[in-house]
1. Assuming R0 = 22 Å, can you tell me the calculated FRET efficiency for the pair E406 and S349, based on Cβ-Cβ distance, to the nearest 0.05?
2. What ranking do 276-282, 28-34 get when scored by the average of other Cβ atoms within 10 Å per residue, highest first?
3. If you filter the range 1-51 for GluC sites (Glu not before Pro), then keep DSSP loop positions with at most 14 other Cβ within 10 Å, what is left?
4. Using 0.36 nm per residue, how much length does the chain from K78 to R234 gain when fully extended, once their Cα-Cα distance is taken away?
5. Say a paramagnetic label sat at a point 7 Å from the Cα of K101, along Cα to Cβ; which residues of the range 20-64 have their backbone N under 14 Å from it?
6. Keeping the other protein chains in place, figure out the carbon and sulfur percent of the accessible area of the range 237-345, with a 1.4 Å probe.
7. Using just the helices of the chain, give the 222 nm mean residue ellipticity in deg cm²/dmol: DSSP H runs with n ≥ 4 each add -39,500 (n - 2.57), and the total is spread over all residues, rounded to 500.
8. Compare the peptides 211-224, 377-390, 162-175 by average per-residue count of other Cβ atoms within 10 angstrom and give them in order, highest first.
Amino acid sequence: MDNPTESTDDLSLLRSVCSFVLEEMERRRLIRNLELFSYTDLLTGLQNRNSFIKMLDKLSNEALGSLGVIYIDINGMKKINDSNGHEYGDRVIKKVADILKLHVECEAYRVGGDEFTVLCPNIGKQDFQVLTEKLIRDFDKNKEYNVSIGHTWKEGNVSADEEILKADDLMYAEKQRYYHAILQGDRMARAGVATELLRDIANHRFEVHYQPQICLKTGRIMGAEALVRKKSKRGSLILPDRFIPHYERERVICHLDLFVFQTVCADWQNWKRQGVETHISSNFSRVTLMASDIVAQIKQICRDYEVPPEKVTIEVTESISKLEPQQLIELMNQIVDEGFSVSLDDFGSKYSNLSILTTLDFSEIKFDKSLVDKLSSDAKSRIVMKNTMQICRELPMTRSLAEGIETVEQLDLLHQYHCDYGQGYYFAKPMSADAFLELLKKEQRTGTSVWIQSGP
Ligand code: C2E
Ligand code: MG
Ligand code: MG
């Protein structure tokens, strides 16, 4: 109603119009809110990616005198979320936004989960420099998180798209430097673990024990598996599952594997000098076998102690199949060409895949203790064991060995399945080199199996 001249004291018309006016006002408020939400980042209150795109559109149609762009990315956001939870991650994002809000009078946007952009159209070079320095100083001050920042400023004939790309590239270059520094730190930490391990080796903190492996047909000792132990500061023995995974994770396990192998070869030479000759199996981690010259190193150790490669089995686990296929084939060929045997350890544990038997030629399959454990109690396990043993027998040049035999029932069943060799507490626990030598000598003296005579 524009300038009413009559019936100005009649309020009924105004009353009926009032509800329409209110409705329209509410509609406009909702639209305003919707617009606000679609252009605002709800977590930080900064403008969001939609708003950023709208602004870019606007800038590309404007004749800009100058443009300053800052690109900010939080380093390692995924790790922050993974290790501290998303709520904490959100707090970090808000803190970054707060610093931006504090200093940036131009437009700041959250353009991605952990990415922010600041657009400063028509800003002087000096002012832009002061702004970026303030931001960098404040981000540096906090110890909770790190950001990578790229910034550009250009005057005359500016393309906003190009400047943003440039700032993004600069931010990325800084991020690379950040990750490089972290990697360097990692390497230093690893060097620390390696030094510690080498010191422990030099201080005789590791011992190699031997667990006899028995030919099930004759009951005679066929050889032994070397198993490493670590001496605690108080002198008790620590089992390998407590320290091997750590050395594997830190990628320093090769030092230990090669030390164990060298000890094994030295012991073999000593036994040989005392008139007994046996076969030895040594465990090698996949990480150790990744070194390109590993076979040459193993060969050299054998040569140093005059151990013929035919007397040596290299035990690997299924995880070896994670090596690059080409590297794996070359490795297996090299090992076999040198005359060593390769045993597939822990077969049947977890998710064994039969295809490994078709792709690689193993000299021995070691059936895992978990399979042997279930033999007496579980009919299905007996079927699996019997038939995989059969597969093994049909594979050319592959012997079968069952690990963790503890009872005579298990042994009887393995006999029935024509398993070639056995190892387990039923026969003997891992023992010192001297104790193993005594056992070998006893068997040699008596000319019969020590197990058949004296029982477990
Ligand atoms: P593995 O190679 O499968 O060795 C067999 C494990 O089963 C040994 O445990 C042995 O003591 C245990 N064992 C044998 N028979 C029986 C039995 O009848 N009952 C029971 N309960 N256990 C039995 P250990 O010595 O604790 O070694 C654990 C694992 O540590 C080994 O499993 C092997 O994967 C790894 N390991 C040992 N020495 C080395 C090494 O020098 N280098 C690497 N990379 N790994 C090693
Ligand atoms: Mg083994
Ligand atoms: Mg095993």
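The values are calculated or read from the model by the stated rules, or taken from the named source; none is laboratory data. Please read all numbers here as calculations on a predicted model, not as lab measurements. A quick note on method: Cβ atoms are made from the backbone with ideal geometry, for glycine too, and the neighbour counts reach across all protein chains shown. Surface areas here come from the heavy atoms of the whole protein model, side chains and all, with no ligands, DNA or RNA. Shrake-Rupley method; radii C 1.70, N 1.55, O 1.52, S 1.80 Å.
1. For R0 = 22 Å, the calculated efficiency reads 0.85.
2. Result, highest mean first: 276-282, 28-34.
3. Listed in order of number, the matching sites are E6.
4. Result for the pair: 52.0 nm of gain on full extension.
5. Correct set: 40-48.
6. Heavy-atom surface of the range 237-345 belonging to carbon and sulfur, 1.4 Å probe: 47 percent.
7. Helix contribution divided over all residues of the chain: -16500 deg cm²/dmol.
8. 211-224, 162-175, 377-390
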